1. Just checking, how many residues over the range 88-122 are surrounded by fewer than 10 Cβ atoms within 10 Å (Cβ to Cβ) and in contact with a strand residue (DSSP E or B) (Cβ under 8 Å, 6 or more places away or on another chain)?
2. From (1) in contact (Cβ under 8 Å) with a residue 60 or more places away in the chain; (2) farther than 25 Å from residue 10 by Cα; (3) not aliphatic (A, V, I, L, M), pick out the condition that doesn't hold for residue 147.
3. Which members of the range 1-50 meet the condition of being more than 21 Å from residue 67 (Cα to Cα), acidic (Asp, Glu) and surrounded by 12 or more Cβ atoms within 10 Å (Cβ to Cβ)?
4. Which pairs have Cβ atoms under 7 Å, sit 6 or more apart or on different chains, and link a residue in the range 105-124 that is β-branched (Val, Ile, Thr) to one that is crowded, with 16+ Cβ neighbours inside 10 Å and assigned to a helix (DSSP H, G or I)?
5. Considering each of 48, 66, 34, 52 in turn, give the residue that is closer than 17 Å to residue 101 by Cα and of a type outside the set (Asp, Glu).
6. From the list 110, 140, 133, pick out the single residue that is within 20 Å of residue 23 (Cα to Cα) and either touching a His at 6+ places or on another chain (Cβ under 6 Å) or of a type in the set (Val, Ile, Thr) (or both).
7. Exactly one condition in (1) under 17 Å from the mean Cα position of the chain (by Cα); (2) not assigned by TED's automatic domain parsing to the domain that holds residue 145 is not met by residue 45; state its number.
8. Give all pairs with beta carbons closer than 8 Å in which a residue from the range 1-23 that is closer than 14 Å to residue 151 by Cα meets a residue that is loosely packed, with under 12 Cβ neighbours inside 10 Å and of a type in the set (Lys, Arg); count only pairs at least 6 apart in sequence or on separate chains.
Amino acid sequence: MIRIKRMVHANLCVADLDRTVAFYEAIGFERFAGHHVEAGADTWRGLGLADGRRFRTAFLKLRGAGFLDGPFLDVIQFLEPPTTGTPYPCLNHAGICRLAFEVEDLAAAVAELSAMGAELLGPVVRNEIAPGVAPRGGDVSFVCFKDPDGNVLEFMQPNRRTSDKAR
């Protein structure tokens, strides 16, 4: 059996690296590294792509987190040939459908997203498996929105139980 130690990163392929990095910095990430991968680099063989390509990348971690504190985003803009296509058309399309992040104050985060002009997919709602029923271990409220390239992100915040509020 394969034993995974931890998740390291998720890649996002984007059309405009600078625009996307600015967006992710505005929602709580910080850039800690970046590279240009040039033609001839062995990376192409590892990715299963033909040589002769180039891309640039930015590594983004949660603001204030250490490098090994959790997964990071590896944001890539292909230069030659340029990034093409669009993200999945809907959330029930096969593939990674969204990335989710816990926030301290969901209402404040939604206000900031709205001020930034981010496209919200719906209102803040409680996660339910049936009307009025939260999944076991997952009583959260959440909102989904799109990044500048149309990738769907989710902000969530645990709901406090009545007994927690009394403390």
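1. Number satisfying all stated conditions: 2.
2. Condition not satisfied by residue 147: (2).
3. Answer for the range 1-50, where residues must be more than 21 Å from residue 67 (Cα to Cα), acidic (Asp, Glu) and surrounded by 12 or more Cβ atoms within 10 Å (Cβ to Cβ): 16, 38.
4. 124/106; 124/110
5. Result: 66 is the single residue among 48, 66, 34, 52 that is closer than 17 Å to residue 101 by Cα and of a type outside the set (Asp, Glu).
6. 110
7. Evaluating residue 45 over (1) under 17 Å from the mean Cα position of the chain (by Cα); (2) not assigned by TED's automatic domain parsing to the domain that holds residue 145 leaves (1) as the failure.
8. none
The values are calculated or read from the model by the stated rules, or taken from the named source; none is laboratory data. Since the model is a prediction, treat every value here as computed from it, not as a measurement. Glycine gets a Cβ as well: all are built from the backbone with ideal geometry, and neighbour counts include every protein chain shown.
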